[in-house]
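K.L.:
Have a look at this one before I ask anything.
The values are calculated or read from the model by the stated rules, or taken from the named source; none is laboratory data. These numbers were taken from a predicted model, which means no experiment stands behind them. Glycine gets a Cβ as well: all are built from the backbone with ideal geometry, and neighbour counts include every protein chain shown.
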Amino acid sequence: MSHTRIGILTDTHLGDPKLLWDEVGTAFAGVDLIMHSGDIVGLKILDRCEEWAPVLAALGNNDAGCEKDPRVKPMQLLDIEGFRIAMVHDMWPEDDPIDVLVDRFLHGERADVFISGDSHYERMDFREGVLQVNSGSAVLPHQWSPRLGTVAILDLEPGQLRAKIIRLGETPGLANPGVEFTFDGTSVHRIG
């Protein structure tokens, strides 16, 4: 049986790839693909992520100059292990009805998983048959100063989808405000 593991991050807002925490690479150990849902700011961040796995990204509102890179598109649509994944940077408000989000942000394209960013707040929801994932920010969680934040992992097998948002740890002297979530294929659970 095939299996695909995807690492998700967003809102890095970094020009210097050395500022992307090693903890992100540790969290993404063994992933088959990394999806960055925008506000990359500098393409060298994607290069750094490619040290861990191939990368695709959504164009964010702070990504001037990134649009010519073949890894970056305003919307990414992927079919993996029988699931359709759609990724854009901004899907606000995320709690609008699914049909409204499909029309407004996905140009009518339906998907099983919506990945977005922009808010710097981690969020996971499952409704109307769609898993919504906003991984929060790995480096600027909740719009706070630079510190360890959150990333997400999708595990896909034919007929089975699981996901989690994980905290990357604590930066000495700086609290990580992130919240962890899991999705077991039928429901989302907040941890802690």
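K.L.:
Quick one: would you say Glu23 is out of contact with any Ser or Thr (no Cβ under 8 Å at 6 or more places or on another chain), without any contact (Cβ under 8 Å) to a residue 12 or more places away in the chain and not polar (S, T, N, Q)?
P.N.:
Judged against the criteria, Glu23 is not a match.
K.L.:
Report yes if Thr186 is in contact (Cβ under 8 Å) with a residue 12 or more places away in the chain, of a type outside the set (A, V, I, L, M, F, W, C) and under 19 Å from Ala27 (Cβ atoms), otherwise no.
P.N.:
Judged against the criteria, Thr186 is not a match.
K.L.:
With the requirement that a residue be in a loop (DSSP other than H, G, I, E, B) and without any contact (Cβ under 8 Å) to a residue 60 or more places away in the chain, what does the range 168-183 give you?
P.N.:
Hits for the range 168-183 are Glu170, Pro172, Gly173, Ala175, Asn176, Pro177, Gly178, Val179.
K.L.:
Scan the range 100-110 and tell me whether some residue there is under 13 Å from the mean Cα position of the chain (by Cα) and not acidic (Asp, Glu).
P.N.:
no
K.L.:
With respect to the numbered conditions (1) in a loop (DSSP other than H, G, I, E, B); (2) on the phi < 0 side of the Ramachandran plot; (3) out of contact with any helix residue (DSSP H, G or I) (no Cβ under 7 Å at 6 or more places or on another chain), which one is the sole condition not fulfilled by Ile165?
P.N.:
(1)
K.L.:
Here's something else I'd like to know. Being at pLDDT 95 or above, of a type outside the set (Lys, Arg) and touching an Asp or Glu at 6+ places or on another chain (Cβ under 7 Å): is that true of Gly117 here?
P.N.:
yes
Residues checked against (1) more than 14 Å from the chain's Cα centre (by Cα); (2) closer than 28 Å to Gly159 by Cα; (3) touching a residue at least 12 places away in the same chain (Cβ under 8 Å):
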residue	(1), (2), (3)
Phe28	no, yes, yes
Leu33	no, yes, yes
Val41	yes, no, yes
Arg48	yes, no, yes
Val55	no, yes, yes
Gly60	no, no, yes
Glu67	yes, no, no
Lys73	yes, yes, yes
Ile80	yes, yes, yes
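K.L.:
Just to verify a result, which residue in the range 167-192, among those that are among the β-branched types (Val, Ile, Thr) and within 20 Å of Glu157 (Cβ to Cβ), is surrounded by the fewest Cβ atoms within 10 Å (Cβ to Cβ)?
P.N.:
That would be Thr186.
K.L.:
Moving on to the next point. Within the range 92-108, can one find any residue that is buried (at least 20 other Cβ atoms within 10 Å of the Cβ), out of contact with any Pro (no Cβ under 7 Å at 6 or more places or on another chain) and in contact (Cβ under 8 Å) with a residue 40 or more places away in the chain?
P.N.:
Looking through the range 92-108, none of the residues is buried (at least 20 other Cβ atoms within 10 Å of the Cβ), out of contact with any Pro (no Cβ under 7 Å at 6 or more places or on another chain) and in contact (Cβ under 8 Å) with a residue 40 or more places away in the chain.
K.L.:
If you don't mind, another one. More than 17 Å from the chain's Cα centre (by Cα) and among the aliphatic types (A, V, I, L, M), is that true of Ala163?
P.N.:
no
K.L.:
Residues in the range 142-160 that are closer than 18 Å to Val130 by Cβ and either surrounded by fewer than 17 Cβ atoms within 10 Å (Cβ to Cβ) or out of contact with any strand residue (DSSP E or B) (no Cβ under 6 Å at 6 or more places or on another chain) (or both): how many?
P.N.:
2
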